[in-house]
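Report on one structure; see the data block that follows.
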Amino acid sequence: MNVELIIISYNSTSHFDELFRSIFAQDYKGNLTITVVDNCSSDNSVKYIQNKFPDVKLILSPKNIGYGAAANLGANNSNADLVFICNSDLILFRDTITNAVNSLTLNEHIGILGGQQQYPNGDWQKSYGSFPSLKKAFQNLVF
């Protein structure tokens, strides 16, 4: 199974070493491509990747087009069987990609998934919210 990790980046140099270390340590046995979509960073992100991680594919946006548009740009340039859209501050557990691929391929009812986020100390991090409504907006303002 061909898998592509598409990492959305804007001035993310400080995250790259830990991010790529966690990706290169994956136990996934299939073909894995890493692509960084750079949203016109001004912090030498592109040169850093080119020099330190030359096998990482780069897609350069001429301006900051935002997260969603950058994700679409990356996905539209992918030929992978499965595409994972990732934040640049992501750190993966060793079996993350294998578990995600297995979940998606072994259950025909799953078409999209999101991993459980954790804080650096291992505590669970809320990675979702309730559907927006006037009631929820009022609750957020008052409580």
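Residues in the stretch 39-64 that are in a helix (DSSP H, G or I) and either crowded, with 16+ Cβ neighbours inside 10 Å or touching a His at 6+ places or on another chain (Cβ under 7 Å) (or both): Ser45, Val46, Tyr48, Ile49. Residues considered: Lys29, Lys136. Of these, the only one that is over 19 Å from the mean Cα position of the chain (by Cα), modelled with pLDDT of 95 or more and not polar (S, T, N, Q) is Lys29. Can you name the residue in the stretch 83-94 that is open to solvent by less than 60 Å² (accessible area, probe 1.4 Å) and not in a loop (DSSP other than H, G, I, E, B) and, of all such residues, is farthest from Ile23 (Cα to Cα)? Ranking the qualifying residues of the stretch 83-94, first place goes to Val83. Restrict the check to the stretch 3-20 and report whether at least one residue is touching a Cys at 6+ places or on another chain (Cβ under 9 Å) and in a helix (DSSP H, G or I). Within the stretch 3-20, one or more residues are touching a Cys at 6+ places or on another chain (Cβ under 9 Å) and in a helix (DSSP H, G or I). Tallying residues that are among the hydroxyl-bearing types (Ser, Thr, Tyr), open to solvent by less than 60 Å² (accessible area, probe 1.4 Å) and either farther than 29 Å from Gly30 by Cα or at pLDDT 85 or above (or both) within the stretch 122-133 yields 1. Out of Ala75, Ala70, Ala80, one residue alone is touching a residue at least 60 places away in the same chain (Cβ under 8 Å), of a type outside the set (Val, Ile, Thr), in contact with a strand residue (DSSP E or B) (Cβ under 8 Å, 6 or more places away or on another chain) and not in a helix (DSSP H, G or I). It is Ala80. Going by what's in this entry, would Asn51 be described as more than 19 Å from the chain's Cα centre (by Cα) and at pLDDT 95 or above? The answer is yes for Asn51. State yes or no: is Tyr119 modelled with pLDDT under 95 and touching a strand residue (DSSP E or B) at 6+ places or on another chain (Cβ under 8 Å)? In short, yes. With respect to being open to solvent by 80 Å² or more (accessible area, probe 1.4 Å) and part of a helix (DSSP H, G or I), Phe138 fits the description. Restricting to the stretch 95-121, name every residue that is within 30 Å of Cys40 (Cα to Cα) and open to solvent by 50 Å² or more (accessible area, probe 1.4 Å). Selection gives Ile112, Leu113, Gly114, Gly115, Gln116, Gln117, Gln118, Tyr119, Pro120. Return a yes/no flag: does the stretch 69-78 have any residue that is more than 25 Å from Ser45 (Cα to Cα) and either polar (S, T, N, Q) or modelled with pLDDT of 95 or more (or both). No, that holds for no residue.
The values are calculated or read from the model by the stated rules, or taken from the named source; none is laboratory data. Remember, it's a predicted structure, so these values are computed and weren't measured experimentally. Virtual Cβ from ideal backbone geometry, glycine too; neighbours counted across all protein chains shown. Only protein heavy atoms, including side chains, enter the accessible area calculation; ligands, DNA and RNA are left aside. Shrake-Rupley method; radii C 1.70, N 1.55, O 1.52, S 1.80 Å.
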